[in-house]
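S.K.: The structure under discussion is supplied below as structure tokens; questions concerning it will follow.
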Amino acid sequence: MYEGFRKYRPFPPIDLPDRQWPNKVIEKAPTWCSVDLRDGNQALINPMNLEQKLRFFKTLVDVGFKEIEVGFPSASETEYEILRTLIDRNLIPDDVTIQVLVQARPHLIQKTFEAIRGAKNVIVHFYNSTSTLQRKVVFHTDMQGVIDIAVDAARLIKRLTDEEVAKTGANIRFEYSPESFSGTEVQNAVDICQRVLEELGATPENKVILNLPNTVEGSTPNCHADQIEYFCRHLKGRDSAIISLHPHNDRGCAVAATELGLMAGADRVEGTLFGNGERTGNADIMVIAMNMYSQGIDPKLDFSNLNAIKEVYEDCTELQVHERHPYAGELVFTAFSGSHQDAIKKGIEYMQEHHSDYWEVPYLPLDPADVGRAYEPIIRINSQSGKGGAAFIMKHNYGYDMPKTMHPEFGAIVKGACDEAGREMQPDEIYALFQKEYLDNRYPYNLKSYKLYEENESHDDQKDTVVHFEGNLRFKHEDHHISGVGNGPIDAFFNAIRTVGIQNYRFVSYHEHALNAGADSKAVSYIQLETPDKTTIFGVGLDSNISLASIKGIICAINRAEQKNQA
Ligand code: KIV
Ligand code: ZN
């Protein structure tokens, strides 16, 4: 029996019957704060070294973060040194504010102020835990004890800030986190934050950031949103505070909790790239931002080079971004199912034909190009793929635009190869199949040389142009001279091959296009013939001479038919 569930209690719902957030819509990006270098870093098996942190910091700046929590300088010498390097080497752009975390303890606060000396823009972020559980099992104190710790810390921070500003003119702002906010009775959280705001002298002109951590995610995101809306509605002087979210991902809902928290009134989001952080991680800022982007909202962060960002992340954290990670995973712009592939292809064609202003491709919520990905890997071909998938690869990767009527034929060839190999085919393997089946198919017939010329013939008063074909056609190992006359190259060739007994092939359809633009472009022709046994078959011809491309296409179709007969 799986009885362990009995030891857990359900999350108590928030009493907020007139909640407003379900009717709200996210319309603009919040203020973003990256905590990669602190919350993310503290959860790594090997925390980042100086060089890695500096590289990651630069990446965050390039992405567009204006607030970056760089560490916990009072916690270790390494953290202290890294912060000093950023400041002393002048690596912090003027429009970026660094944030430093400190526990609400006097000696750590003192040390933090030493660490930030010389920085232009700083957020001093202090915290103490307020949760019901921690008060009971860790601190053995009541709410008043916890409030006293926060208020005393606020008083010291205010004094040290006034001194520092008088000395250096630095721009120092404050952030307070009632750690484990979501595990705290929500009115208690309001009360402690209210006292901190008062102590710090918050005003609408000098707002204080109140960060409300979902330190351990313990409820559905709607309960989190209720807590945030309750907090915003009950805080006196709401306009003197910036309400910040800091969701963790224990239930896998951090992104959803963030989005609902924004609907509930929050102004700011703390999180990390790809969701790194303690245990299951922090809210993934890249995903939240790209979710906004794909709803037509400017996220104010730039992930157009997501692969390069992922590379920095993987190098610095020694973690891997999962193949299915939204927007960033290796597999997220692929479609394995045939019907998906078909719909994607139609969507792309529809957009090209209609010059659509909006992204209208089924099964792809985002244009892969927007995160620096190419179309090539969208379609992967396995034995479940539809007939259009292989044709799509041939068109988008190699420029061969087969007529629609040919898709089932080539699709079946690729499916057969997938079945035989027991795995999916890569684009280069699909091309190799195409090449072997069509372009290099020269048996039993192989045109060794040819001549085409036009002649004007006069009949009564009329002048007609006829085309002569002469060539050397090898059949198996014997060469045959063939010649024929017709009203065009294809007709002349058909008449020529009749002289060596190739007949009962009827011309059904012809398509051609240029393969590459420019002077060295080649023509590719797709010829469909009806065979003596009344089935149809395609051949493909490629040549810089358009007439020869067609003739090669006919020979290819005949060869394929003959090979089938022999099989
Ligand atoms: O998750 C958390 O509660 C934190 C605080 C220190 C803000 O990281
Ligand atoms: Zn955290």
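The values are calculated or read from the model by the stated rules, or taken from the named source; none is laboratory data. Only a predicted model underlies this, so the values are computations on that prediction, with no experimental measurement involved. So basically every Cβ, Gly included, is an ideal-geometry build from the backbone, and we count neighbours across all protein chains shown. Remember, those area values only see protein heavy atoms, side chains included, never the ligands or the DNA or RNA. Shrake-Rupley method; radii C 1.70, N 1.55, O 1.52, S 1.80 Å.
S.K.: Between ALA369 and HIS480, what FRET efficiency comes out of the Förster formula 1/(1 + (r/R0)^6) with R0 = 51 Å and r the beta carbon distance, rounded to 0.05? Write down the numbers at each step before the final one.
M.R.: Details: r = 53 Å, r/R0 = 1.03.
Once rounded, the FRET efficiency stands at 0.45.
S.K.: Can you find, among GLN426, GLY372, ASN441, the residue sitting farthest towards the positive end of the charge dipole of the stretch 347-443, where Lys and Arg contribute +1 and Asp and Glu -1 at Cβ?
M.R.: In the stretch 347-443, that residue is ASN441.
S.K.: Then there is this: Residue separation times 0.36 nm, minus the C-alpha to C-alpha distance between GLU457 and ASN23: what's the value? It would help to have the intermediate numbers written out before the result.
M.R.: Values: separation 434, 0.36 × 434 = 156.24 nm, distance 8.16 nm.
Length gained, GLU457 through ASN23: 148.1 nm.
S.K.: Convex hull over the alpha-carbon atoms of the stretch 410-567: what's its volume per residue in Å³?
M.R.: Details: hull volume 22.6 nm³, N = 158.
Considering the Cα atoms of the stretch 410-567, their hull volume per residue is 143 Å³.
S.K.: Assuming a ≥ b ≥ c are the square roots of the Cα gyration tensor eigenvalues, decide whether the stretch 1-41 counts as rounded (a/c under 1.5), prolate (otherwise, with a/b larger than b/c) or oblate.
M.R.: Working: a/c = 3.41, a/b = 1.27, b/c = 2.68.
It is oblate, given that a/c is not under 1.5 and a/b is not larger than b/c.
S.K.: So how far apart, in nm, are the two label points at ARG89 and ASN446 if each is 7 Å from Cα heading toward Cβ?
M.R.: Label at ARG89, label at ASN446, 6.4 nm between them.
S.K.: Give the Rg (one decimal place) followed by the Dmax (whole number) of the stretch 272-349, computed from C-alpha coordinates and expressed in Å.
M.R.: Every Cα atom of the stretch 272-349 included, Rg and Dmax give 14.6, 45 Å.
S.K.: Right, something else. Between rounded, prolate and oblate, where does the stretch 417-478 land on the alpha carbon gyration tensor, with a ≥ b ≥ c its root eigenvalues, rounded for a/c under 1.5, else prolate if a/b exceeds b/c?
M.R.: Numbers: a/c = 5.23, a/b = 2.63, b/c = 1.99.
Prolate, because a/c is 1.5 or more and a/b exceeds b/c.
S.K.: Then there is this: To the nearest µm²/s, what D does Stokes-Einstein give for the stretch 1-131 at 20 °C and 1.002 mPa s, using the Kirkwood radius over alpha carbon pairs as Rh? If you can, show how the numbers build up before the last one.
M.R.: Working: Rh = 17.3 Å.
Using the Kirkwood radius from Cα pairs, D works out to 124 µm²/s.
S.K.: Moving to a separate point now. Efficiency by 1/(1 + (r/R0)^6): what FRET value for ASP62 and ILE297, r their Cβ-Cβ distance, R0 = 22 Å, to the nearest 0.05? Display every interim value, and only then the final one.
M.R.: Values: r = 21 Å, r/R0 = 0.95.
With a Förster radius of 22 Å, E is 0.60.
S.K.: Give, rounded to the nearest 20 debye, the magnitude of the charge dipole that the stretch 196-277 has about its Cα centre when Lys and Arg contribute +1 at Cβ and Asp and Glu contribute -1 at Cβ.
M.R.: Numbers: 6 positive and 11 negative charges, 13 e Å.
Taking the Cα centre of the stretch 196-277 as origin, the dipole is about 60 debye.
S.K.: I'd like to know how the stretch 178-321 sits against the 2.2 N^0.38 Å rule of thumb: what's its Cα Rg over that expected value?
M.R.: Values: Rg = 16.0 Å, N = 144, 2.2 N^0.38 = 14.5 Å.
Output field value: 1.10.
S.K.: Next question. Would you mind giving the three semi-axes, in whole Å and largest first, of the ellipsoid equivalent to the chain according to its Cα gyration tensor?
M.R.: Working: eigenvalues 1019, 114, 81 Å².
Rounded to whole Å, the semi-axes are 71, 24, 20.
S.K.: Would you calculate the convex hull of the Cα atoms in the stretch 303-400 and tell me its volume per residue in Å³?
M.R.: Numbers: hull volume 10.6 nm³, N = 98.
Taking only Cα atoms, the stretch 303-400 has a hull volume of 109 Å³ per residue.
S.K.: I'd like the antiparallel share, as a percent to the nearest 5, of DSSP beta bridges with both residues in the chain.
M.R.: Working: 41 of 79 bridges.
Once the DSSP bridges in the chain are tallied, antiparallel ones form about 50 percent.
S.K.: How many times 2.2 N^0.38 Å is the alpha carbon radius of gyration of the stretch 324-468?
M.R.: Numbers: Rg = 21.2 Å, N = 145, 2.2 N^0.38 = 14.6 Å.
Taking N as the residue count of the stretch 324-468, the ratio is 1.46.
S.K.: Still on this structure, I have one more. Among 549-560, 136-147, how do they line up by average Cβ neighbours within 10 Å per residue, starting with the highest? Could the numbers behind the result be given before it?
M.R.: Working: 549-560: 23.8, 136-147: 13.2.
Sorting 549-560, 136-147 by mean packing, highest first, produces 549-560, 136-147.
S.K.: May I pose another question? Sticking to Cα atoms, compute the Rg of the stretch 479-540 to one decimal and its Dmax as the biggest Cα-Cα distance, whole number, in Å.
M.R.: 14.0, 41
S.K.: How much of the accessible area of the chain, probe 1.4 Å, is carbon plus sulfur, in whole percent?
M.R.: Numbers: 13360 of 27170 Å².
Heavy-atom surface of the chain belonging to carbon and sulfur, 1.4 Å probe: 49 percent.
S.K.: Over the stretch 45-101, give the accessible area per residue in Å² for a 1.4 Å probe, as an integer. Provide the component values of the computation, followed by the final result.
M.R.: On the way: 2560 Å² over 57 residues.
Here the per-residue accessible area is 45 Å².
S.K.: How far apart, in nanometres, would the label points at ASP148 and GLN503 be if each is projected 7 angstrom from Cα along the Cα-to-Cβ direction?
M.R.: Going from the ASP148 label point to the GLN503 one covers 11.2 nm.
S.K.: Order of 105-112, 352-359, 29-36 by packing, highest average Cβ count within 10 Å first? Before the final figure, lay out each step's value.
M.R.: On the way: 105-112: 16.1, 352-359: 8.9, 29-36: 23.6.
My ranking of the peptides, most packed first, is 29-36, 105-112, 352-359.
S.K.: Nearest 5 percent is fine: what portion of the DSSP beta bridges confined to the stretch 66-151 is antiparallel? List each step's numbers first, then the result.
M.R.: Numbers: 0 of 10 bridges.
Bridges in the stretch 66-151 that DSSP calls antiparallel: roughly 0 percent.
S.K.: Distance cut-off 19 Å, Cα to Cα: go down the list LYS448/LYS552; LYS346/LYS404; LYS415/LYS436; LYS111/LYS158; LYS28/LYS310 and report the pairs above it. It would help to have the intermediate numbers written out before the result.
M.R.: Details: LYS448/LYS552 11 Å; LYS346/LYS404 12 Å; LYS415/LYS436 15 Å; LYS111/LYS158 15 Å; LYS28/LYS310 25 Å.
Distance filter (> 19 Å) returns LYS28/LYS310.
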